[in-house]
Amino acid sequence: MRVKAVISYDGSAFYGFQRQTTTPLTVTHAIEKALRSVQIDSAVVGSGRTDRGVHATGQVIHFNIPEYWSDTEKLRHILNQKLDGIFIRTLQHTQNGFHARFDAKRRTYRYLFKITQPSVFERKYLSFYPPDFDIQKLKEALRIFEGEHDFLYFHKTGSQPHTTVRTLFKARYYQHNDIHVIMFEANGFLRSQVRLMVEGAMRHAQGKWTKEALSAQLSTRDKSMVQPAPAEGLYLAKITY
């Protein structure tokens, strides 16, 4: 039987979501280890990969379970007791053909930062940008990203996607109490794309990067910015099917 789970995790505890040959400290490895402890031998497939230090509040995964694990709520409770830094929010049966990655229609990320230095308890979960930015310029920059574009110069090299074209449905900025939030919703994201877009938008808002320079990099005419925003502010928030 195939099950679908919505999970949250503290990205600061892991070297990314995807399993690696060089370290067991990945989200996938931790969940598969917990599954094996209850005699479930199944690979875990996620809706997408998150890099080292990136968090999730709404990552979706799927895996297969034996028939005798019909009580998914009991299984969720047992697995959560075995997991550290990961919490299974929901666990439910789904169609055997369901695929967490390929069936996803939209993915939503949120980037959280403060304009005062985060406290010692916040540093793993919030980024910092000085308050010297123009909100209207930030919103202007975010609007430039909306639509279908070739994000070739807004992704980290090393990965080899089939195509670097993505459709960005929404790019928004808002504030919640003292936390500033940048939200992106797209049909998919490339490696480090969100962090590179955040850094580009903030540079424009700070007067360090012109609208023309941002547009030139987005249209792959010129590449002048390659430094992504810090990972600790990024959260995979929602997957839409």
Apart from one, (1) part of a strand (DSSP E or B); (2) within 22 Å of residue 192 (Cα to Cα) all hold for residue 87; the odd one out is (2)
Out of the stretch 175-212, which residues are in contact with a His (Cβ under 8 Å, 6 or more places away or on another chain) and not in a loop (DSSP other than H, G, I, E, B)?
193, 196, 211
For the stretch 103-134, what are the residues that are out of contact with any Gly (no Cβ under 9 Å at 6 or more places or on another chain) and exposed (fewer than 12 other Cβ atoms within 10 Å of the Cβ)?
105, 116, 117, 119, 120, 121, 130, 131
Among residues of the stretch 40-52, those that are surrounded by 20 or more Cβ atoms within 10 Å (Cβ to Cβ) and over 11 Å from residue 27 (Cα atoms), counted:
1
Go through (1) free of Cβ contacts under 8 Å to residues at least 40 places away in the same chain; (2) among the aromatic types (Phe, Trp, Tyr); (3) over 28 Å from residue 113 (Cβ atoms) for residue 15 and report which single condition fails.
(3)
Looking at 206, 193, which one is out of contact with any Gly (no Cβ under 8 Å at 6 or more places or on another chain), over 12 Å from residue 109 (Cα atoms), of a type in the set (S, T, N, Q) and surrounded by 14 or more Cβ atoms within 10 Å (Cβ to Cβ)?
206
For the stretch 10-53, the count of residues that are in a loop (DSSP other than H, G, I, E, B) and over 24 Å from residue 188 (Cα atoms) equals 11
Would you mind finding the one in 103, 132 that is in a loop (DSSP other than H, G, I, E, B), within 25 Å of residue 6 (Cα to Cα) and of a type in the set (D, E, K, R)?
103
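Each reported figure results from applying straightforward, stated rules to the coordinates on display, with no laboratory input. The structure displayed is predicted, hence computed values, not measured ones. Glycine also receives a Cβ, built like all others from the backbone with ideal geometry; neighbour counts cover every protein chain displayed.
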